[in-house]
1. Keeping the other protein chains in place, figure out the carbon and sulfur percent of the accessible area of the stretch 1-134, with a 1.4 Å probe.
2. Give the relative contact order (percent, whole number) for the chain; include only Cα pairs under 8 Å separated by 6+ residues.
3. Taking Cα atoms, how many degrees apart are the long axis of helix 172-181 and the longest axis of the chain, rounded to 10 and kept between 0 and 90?
4. Under a straight-distance cross-link criterion of Cα-Cα below 20 Å, which aspartates and glutamates are reachable from LYS317, leaving out those fewer than 8 residues away in the same chain?
5. Take the alpha carbon atoms of the stretch 238-269, find their center, do the same for the stretch 45-70, and report the distance between the two centers in whole angstrom.
6. Rounded, prolate or oblate: which one fits the stretch 244-289, using the alpha carbon gyration tensor with axes a ≥ b ≥ c (rounded when a/c is under 1.5, else prolate when a/b beats b/c, else oblate)?
7. So I have (1) 22.3; (2) 21.8; (3) 20.7, and one of them is Kirkwood radius over Cα pairs in Å calculated from this model. Which one is it?
8. May I ask for the angle, rounded to the nearest 10°, between helix 199-208 and the longest principal axis of the chain, with both axes built from Cα atoms and the value confined to 0 to 90°?
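The values are calculated or read from the model by the stated rules, or taken from the named source; none is laboratory data. The structure presented is a predicted model; accordingly, all values stated were derived computationally and were not measured. Counting neighbours? That spans all protein chains shown, and the Cβs are built from the backbone with ideal geometry, glycine included. Surface accessibility is based on the protein's heavy atoms, side chains included, excluding ligands, DNA and RNA. Shrake-Rupley method; radii C 1.70, N 1.55, O 1.52, S 1.80 Å.
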Amino acid sequence: MNCFAVVLPGLEKLVRDELAGLSVHDIEVMDGGVGFAASPDALCRVNLRARCITRVLVRLAEFKALSFPELFNKNRKIAWERYISKNLPVQVRASCHQSRLMHSGRVEQAVFDAVRGRLGFDVREASSAEGEIQRVTARLVHDRCVISVDSSGERLDRRGYRLHAGRAPIRETAAAGILQWMAWTPDEPLVLPMCGSGTFAIEAALSGFERAVNLDHAFSMLHWPMLKQRRWQRIRDKAEKMKKARPLLIKASDIDPDILQQAILNAERAGTGDTICFRQLDVFDLLPPHDISTPGVLLCNPPYGERIKGDVSGLYKKLGELFRDAFSGWRMGVIVPDQVCERAIGLSAKRRLKIKHGGKWVHVLHFEGP
């Protein structure tokens, strides 16, 4: 199958490397995500185990469409009976760019009518208020139409454990990607000041245990007539058995007791509460854990924008001083919103990762301790 992984902007290369370890083929970084070829088994593995992907689309057809009758007729030739179930309503979403067919609503209706015309049963159109649905996308660019069906259902970054979140929490997929980018390994200490809702800590624990992050996800593909339930159960069972029990050194802290309690509840819901050491602490009282002798990784997402009042650059300046003075030999990853905050840190970044966070571009800076 011709697949496309929708990815948070900036994570494309990390997803490319992640997919390479999941037995897929023809991996190609594209605009807005990563394309790849996969068997049904591999598609199941990717949805279950990929940590940095937002959703996976399966591309069913690509063709030229200059009129709505042509769009309808070519869509009706697609084998929708392999992917559309009687049990769930269907939602079609279209985007149109520099094409003759520029009315997205009419495109959506033409595709929906083609699906209904192909199938031997009545297809119910999904309303915006419904939960579990079957999603079909139509993308027209320069009169070329790509028709895809969503295999993931709910976004994969919504793991289900974060019922409690502070302001502008980082997406689970972004946290997992940054941990990969920092090359953190389960045998290294991980210190997470200003931990907020605990996303970095929880994603680190899940990664350290090599636990598939989407075992309990409600995938749309499970309703596809072409996907055999015995095949799915075999792949899911194998993913579940990959979990490893090992000690992890993850220390998370925050100055706000209410936010810290939210993080603890999130970790318990994720099944990682016994693994992560949470404590209430001002970041400027932070020191390397006394119970470890080897350096590790310090990772933080300091508050900025609407999440903080006062001297933001002063916070980043103190953070740079803390790292330089107390964390010799460590690696530090810090999310910075702009050049003012980056300069305030007062350290030279070894490398940087540009990602979208909260709808804005930010940089993750990697520092090496003296």
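1. Ligands and nucleic acids excluded, carbon and sulfur give 45 percent.
2. Worked out over the chain, it gives 15 percent.
3. 60
4. ASP254, ASP282, ASP285, GLU306, ASP325, ASP338, GLU342, GLU368
5. 33
6. Because a/c hits 1.5 or more and a/b fails to exceed b/c, the stretch 244-289 counts as oblate.
7. (1)
8. Relative to the chain, helix 199-208 is tipped by roughly 80 degrees.
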